[in-house]
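> Sharing a structure below in structure tokens format, with a few things to ask.
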Amino acid sequence: MKHVVVDPITRIEGHLRVEVNVDEGSGKVTDALSSGTAWRGLELVMKDRDPRDDWAYIQRICGVCTTAHALASLRAVEDALGITIPKNANYIRNIMAATLTVQDHLVHFYHLHALDWVSPVAALNADPVATANLQNTVLNTYKLPFRAPGSDVPATEAYDHAFPAATPQYFDEIKTKIKAIVDSGQLGIFSANWWDHPDYNLLPPEVHLMAVAHYLEMLDKQRELVTPHVIFGGKNPHPHYVVGGMPCSISMEDGNAPVNSARLGIVDRAINLGRTLVNNYYIPDLLAIGTAFVKAGRVDGGGLAKERVLAYGAYPIEPFSGTTNGDFFKNLLVRCNGVVEDFGKGVENASFSEINAEDVQDPSVLTESVEHSWYKYKGSDSDNLNPWDGETEPHFTSPKVGTDTEWKELDEQGKYSWLKTPKWRGKLCEVGPLARYIVIYTKYKKGLLGDLTWAEKMMIDQIEAVSKVLNLKPEVWMPTMVGRTACRGLDCQLNAEINKFFFDKLVANIKSGDTKVANMEKWDPEKWPKECKGVGLYEAPRGGLSHWIVIKNGKTDNYQCVVPTTWNACPRDDQAGHGAYEKAMMDTHVAIPDKPLEIVKVIRSFDPCMACATHMFNAKGEEIRVVTTDPYSGTHVEKK
């Protein structure tokens, strides 16, 4: 048995540590631990703040999720105060949310996850002519041409400008660039991977070259996708909002107005760029790579997704009057609000439980505990507290092996993470794009959706199309590492079309003469009740997000965020078992314990917002390898 530590594990900000025990003979992970190693603490920063400012502070939780936390915060405050935003504000917020999701998923696949699947070193063996032929084959074979109704022809584009190059000359130039980097011995952005791992042999060299070329292309293209944030919110990241609506005035006559016809044209072009990138690059690349892994029998890494997933519902089509009164759930474009259990046993054996206003208000339904978290509750750490009653008091304890500053092995029997453990009715759940697709598919198969919205129909069609490509039932391929990655790509395609859908509604509403963007009727705190509380629900790129606020005497009295990574990366619970990360690792076969690429890959399939270097230790706690993934950190360091 070998004890392996990967800390931190991802290519982006934040801190996540995982520890696994691997049977060296069978490659089976017998136990796994997921630890959030940084204390966020923003809940305490929110104490006594003006609720009208909360969104601006709380969205600084993350520089990647940006607008997600702002939108959940706004919904929480507006729910507490009983504010209904105007139509234009609802459409604009949905456009900004869809924009975030499209850009976030594209960046995740190409820049945070791709190098777990493809190798620039393997790309050096590719034939540029064969790669060009492969590019055309992949595009023709794996393109899924799904569109929102009424938007088959982009309004501002005569044809797709973003189209993969497919010439031998192009791929020969890319190969030359990669060779120069490899020969220099300074791999830069391609450093810190186990390029000799057998997983990279599952794909032919031409797939590696094609995917690395797209990796480089997307470095430039992805920045253009967030233009709507700049037009409507003034900047990115962290665009501006306002309680009651949006701060951007609309005028079709004023050339200097924040939103006018010229700037709407810029938004339209950005939206259409997202549609073409996901259809011409992301989906074909994803299916080409995923198909190879499925054919090789790589249908592991599902973990908790087989047992239980949760989602809150997405995209109110029209403005709603609140969450706790149930209005939020009444006109959702994607009615994934609920929990599905036992999907891995087959959809006919799965069960569905709705999440509604009664569940949100019931203090026993959605809770958090800190039994294995570095916090303490006034009562018992095993108490399950509703976020409105949530407590955030840090209580760090030392690791099982090592010191407070040099951890060797964390204490799985005690406290080991700065993340709390969220629960639904006392049970742990996985959240994310995979969860949303499992919920919609299960509801559809059980006849619980009634008349499908166009977005729900698109989701069903996507699932059935991929099932045909893979020749597997959805309950087989979806709750896996490959399925989790695939559903993120499908979600990106869906959100690209949702973006266009709400843009068209915005333009039509402006044409009708409505230019209102904010409801200021309850802006004055004198009009607020002495005490009130609210919750904001939002399906962020990484999954179900909820912000909970208690307002007293015009100030924020308690603020709690239950974020997707808290659901997925949470520490275990003595009664409920392991969280999604830990379960997924335990459901993953590891070929080489000293090079646990499979563990890195399954964790990154969740798209966690974490950090920049990898450290591994053997069973004796001795460091065997250090890999620095930050290209600006200096020379590559390796210890054995």
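> Give me the pairs: first residue in segment 78-102 and free of Cβ contacts under 8 Å to residues at least 12 places away in the same chain, second residue buried (at least 24 other Cβ atoms within 10 Å of the Cβ), beta-carbon distance under 7 Å, and six or more apart or on different chains, which are they?
From segment 78-102, no pairs qualify.
> Cβ-Cβ distance below 6 Å, separation of 6 or more or different chains: which pairs start in segment 580-591 with a residue that is touching a residue at least 60 places away in the same chain (Cβ under 8 Å) and open to solvent by 10 Å² or more (accessible area, probe 1.4 Å) and end on one that is of a type in the set (Gly, Ala, Ser) and assigned to a helix (DSSP H, G or I)?
LYS583/GLY303; ASP587/GLY303
> Considering segment 592-611 alone, what residues qualify as being open to solvent by 10 Å² or more (accessible area, probe 1.4 Å), farther than 20 Å from THR37 by Cβ and not basic (Lys, Arg)?
Taking segment 592-611 and keeping what is open to solvent by 10 Å² or more (accessible area, probe 1.4 Å), we get 592-595, 604, 609-610.
Adding the requirement that they be farther than 20 Å from THR37 by Cβ leaves 592-595.
Answer for segment 592-611, where residues must be open to solvent by 10 Å² or more (accessible area, probe 1.4 Å), farther than 20 Å from THR37 by Cβ and not basic (Lys, Arg): ILE592, PRO593, ASP594.
> Among the candidates VAL517, VAL507, single out the residue that is in contact with a Leu (Cβ under 8 Å, 6 or more places away or on another chain), open to solvent by 10 Å² or more (accessible area, probe 1.4 Å) and either under 18 Å from ASN88 (Cα atoms) or modelled with pLDDT of 95 or more (or both). Give the derivation first.
Details: VAL517 fails: in contact with a Leu (Cβ under 8 Å, 6 or more places away or on another chain).
Result of the check over VAL517, VAL507: VAL507.
> Here's another thing I want to ask about it. Quick one: in segment 329-351, of everything that is open to solvent by 20 Å² or more (accessible area, probe 1.4 Å) and within 23 Å of the chain's Cα centre (by Cα), which residue is nearest to PRO474 (Cα to Cα)?
GLY344
> Quick check, is LEU452 of a type in the set (A, V, I, L, M, F, W, C), touching a helix residue (DSSP H, G or I) at 6+ places or on another chain (Cβ under 8 Å) and in contact (Cβ under 8 Å) with a residue 12 or more places away in the chain? Steps first, please.
Details: of a type in the set (A, V, I, L, M, F, W, C): yes; touching a helix residue (DSSP H, G or I) at 6+ places or on another chain (Cβ under 8 Å): yes; in contact (Cβ under 8 Å) with a residue 12 or more places away in the chain: no.
No, not satisfied.
> Starting from segment 468-482, take each residue that is of a type in the set (A, V, I, L, M, F, W, C) and list its partners that are surrounded by 22 or more Cβ atoms within 10 Å (Cβ to Cβ) and part of a loop (DSSP other than H, G, I, E, B), counting only C-beta distances under 6 angstrom and pairs at least six apart or across chains.
Hits for this filter: MET481/GLY301; MET481/SER605.
Residue-by-condition table, conditions (1) acidic (Asp, Glu); (2) part of a helix (DSSP H, G or I); (3) more than 30 Å from PRO164 (Cβ to Cβ); (4) in contact (Cβ under 8 Å) with a residue 40 or more places away in the chain:
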| site | (1), (2), (3), (4) |
| --- | --- |
| GLU253 | yes, no, yes, no |
| ARG263 | no, yes, no, no |
| ARG269 | no, yes, no, yes |
| THR276 | no, yes, no, yes |
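> Taking ASN325 as meeting all but one of (1) crowded, with 23+ Cβ neighbours inside 10 Å; (2) more than 30 Å from HIS578 (Cα to Cα), write down the number of the exception.
Among (1) crowded, with 23+ Cβ neighbours inside 10 Å; (2) more than 30 Å from HIS578 (Cα to Cα), the lone unmet condition for ASN325 is (1).
> Something else about it: Just to be sure I understand, how many residues within segment 35-49 are farther than 20 Å from TRP374 by Cβ and surrounded by 14 or more Cβ atoms within 10 Å (Cβ to Cβ)? First the steps, then the outcome.
In the first step, residues of segment 35-49 are kept if they are farther than 20 Å from TRP374 by Cβ; the result is 48-49.
Those still in the list that are surrounded by 14 or more Cβ atoms within 10 Å (Cβ to Cβ) too: 49.
Looking only at that region, the number is 1.
> Write out, first by first residue and then by second, each pair whose Cβ atoms fall under 8 Å of each other, whose residues are 6+ apart or on separate chains, and whose first residue, in segment 424-444, is without any contact (Cβ under 8 Å) to a residue 60 or more places away in the chain while the second is open to solvent by 10 Å² or more (accessible area, probe 1.4 Å).
TYR444/LEU452
> Also: From the set of residues in segment 223-251 that are open to solvent by 40 Å² or more (accessible area, probe 1.4 Å) and within 22 Å of the chain's Cα centre (by Cα), which is farthest from TYR170 (Cα to Cα)?
By that ranking, first place goes to HIS240.
> Mind checking whether some residue in segment 145-153 is in a loop (DSSP other than H, G, I, E, B), under 30 Å from THR227 (Cβ atoms) and either of a type in the set (Phe, Trp, Tyr) or modelled with pLDDT of 90 or more (or both)? Walk me through how you get there before you give the answer.
Quick first cut of segment 145-153, residues in a loop (DSSP other than H, G, I, E, B) only: 145-153.
From the residues that got through so far, the ones that are under 30 Å from THR227 (Cβ atoms) too are 145-153.
Now restrict to residues that are either of a type in the set (Phe, Trp, Tyr) or modelled with pLDDT of 90 or more (or both): 146.
Taking every residue of segment 145-153 in turn, at least one turns out to be in a loop (DSSP other than H, G, I, E, B), under 30 Å from THR227 (Cβ atoms) and either of a type in the set (Phe, Trp, Tyr) or modelled with pLDDT of 90 or more (or both).
> Turning to a different aspect of this structure: Sort out which residues of segment 293-322 are part of a helix (DSSP H, G or I), farther than 20 Å from LYS583 by Cα and open to solvent by less than 10 Å² (accessible area, probe 1.4 Å), and write them in order of number.
PHE293
> Let me ask you something else. Quick check: is even one residue across segment 463-482 open to solvent by 20 Å² or more (accessible area, probe 1.4 Å), within 24 Å of LYS330 (Cα to Cα) and not basic (Lys, Arg)?
No, every residue in segment 463-482 fails to be open to solvent by 20 Å² or more (accessible area, probe 1.4 Å), within 24 Å of LYS330 (Cα to Cα) and not basic (Lys, Arg).
> Given the conditions (1) touching a strand residue (DSSP E or B) at 6+ places or on another chain (Cβ under 8 Å); (2) modelled with pLDDT under 95; (3) at negative phi, and given that ALA192 satisfies all but one, which numbered condition is not satisfied?
For ALA192, the failing item is (3).
> Of all the residues that make up segment 417-470, how many are of a type in the set (Gly, Ala, Ser), under 30 Å from SER369 (Cα atoms) and assigned to a helix (DSSP H, G or I)? Write out each step before concluding.
Step one: filter segment 417-470 for residues of a type in the set (Gly, Ala, Ser), giving 417, 426, 432, 435, 447, 450, 455, 465, 467.
From what's left, under 30 Å from SER369 (Cα atoms): 417, 426, 432, 435.
Going one step further and asking which of them are assigned to a helix (DSSP H, G or I), we end up with 435.
Summing the residues that are of a type in the set (Gly, Ala, Ser), under 30 Å from SER369 (Cα atoms) and assigned to a helix (DSSP H, G or I) in segment 417-470 gives 1.
> Another question, if that's okay. Determine which member of the set MET459, MET481 is over 16 Å from the mean Cα position of the chain (by Cα), at pLDDT 95 or above and not polar (S, T, N, Q). Walk me through how you get there before you give the answer.
Values: MET481 fails: over 16 Å from the mean Cα position of the chain (by Cα).
Only one candidate qualifies: MET459.
> Check segment 553-561 and report whether any residue there is part of a loop (DSSP other than H, G, I, E, B) and either modelled with pLDDT under 95 or under 26 Å from LYS420 (Cβ atoms) (or both).
Taking segment 553-561 as the starting set, the residues that turn out to be part of a loop (DSSP other than H, G, I, E, B) are 553-554.
Still in the running and either modelled with pLDDT under 95 or under 26 Å from LYS420 (Cβ atoms) (or both): none.
No, every residue in segment 553-561 fails to be part of a loop (DSSP other than H, G, I, E, B) and either modelled with pLDDT under 95 or under 26 Å from LYS420 (Cβ atoms) (or both).
> Looking only at residues that are under 26 Å from LYS552 (Cβ atoms) and in contact (Cβ under 8 Å) with a residue 12 or more places away in the chain in segment 367-380, which one is surrounded by the fewest Cβ atoms within 10 Å (Cβ to Cβ)?
The residue in question is LYS378.
> Six or more apart or on different chains, Cβ under 8 Å: which pairs go from a residue in segment 515-531 that's of a type outside the set (Ser, Thr, Tyr) to one that's open to solvent by 90 Å² or more (accessible area, probe 1.4 Å) and in a loop (DSSP other than H, G, I, E, B)? Could you list them?
LYS527/GLU521; LYS530/ASN553; GLU531/ASN553
> Quick check on my filter: what residues within segment 84-101 are open to solvent by 10 Å² or more (accessible area, probe 1.4 Å) and hydrophobic (A, V, I, L, M, F, W, C)?
ILE85
> I'm trying to understand the selection: among the residues of segment 566-579, which are open to solvent by 20 Å² or more (accessible area, probe 1.4 Å) and not in a loop (DSSP other than H, G, I, E, B)? First the steps, then the outcome.
First, the residues of segment 566-579 that are open to solvent by 20 Å² or more (accessible area, probe 1.4 Å): 572, 574-578.
Of everything in segment 566-579, just one residue is open to solvent by 20 Å² or more (accessible area, probe 1.4 Å) and not in a loop (DSSP other than H, G, I, E, B), namely GLY577.
> A further question follows. May I ask you to verify whether GLN560 is open to solvent by less than 10 Å² (accessible area, probe 1.4 Å), more than 18 Å from the chain's Cα centre (by Cα) and touching a residue at least 40 places away in the same chain (Cβ under 8 Å)?
Yes, satisfied.
> Being assigned to a strand (DSSP E or B) and not charged (D, E, K, R) is the filter here; which residues of segment 354-393 pass it? Even if it seems obvious, please write down each step before you answer.
Initially, segment 354-393 is screened for residues assigned to a strand (DSSP E or B), giving 354, 366-369, 373, 375, 385.
Those that are assigned to a strand (DSSP E or B) and not charged (D, E, K, R): LEU366, THR367, SER369, SER373, TYR375, LEU385.
> Being open to solvent by 40 Å² or more (accessible area, probe 1.4 Å) and either closer than 21 Å to LYS516 by Cβ or of a type in the set (A, V, I, L, M, F, W, C) (or both): is that true of VAL267 here? Write out each step before concluding.
Values: open to solvent by 40 Å² or more (accessible area, probe 1.4 Å): no; either closer than 21 Å to LYS516 by Cβ or of a type in the set (A, V, I, L, M, F, W, C) (or both): yes.
No, not satisfied.
> Now a separate question. Considering only residues that are under 30 Å from ASN495 (Cβ atoms) and of a type in the set (A, V, I, L, M), which ones fall in segment 523-574?
VAL535, LEU537, ALA540, LEU545, ILE549, VAL562, VAL563, ALA569
The values are calculated or read from the model by the stated rules, or taken from the named source; none is laboratory data. Because the structure is predicted, anything quoted here is derived from the model rather than measured. Virtual Cβ from ideal backbone geometry, glycine too; neighbours counted across all protein chains shown. Calculation scope for accessible area: heavy atoms of the full protein, side chains included, ligands and nucleic acids excluded. Shrake-Rupley method; radii C 1.70, N 1.55, O 1.52, S 1.80 Å.
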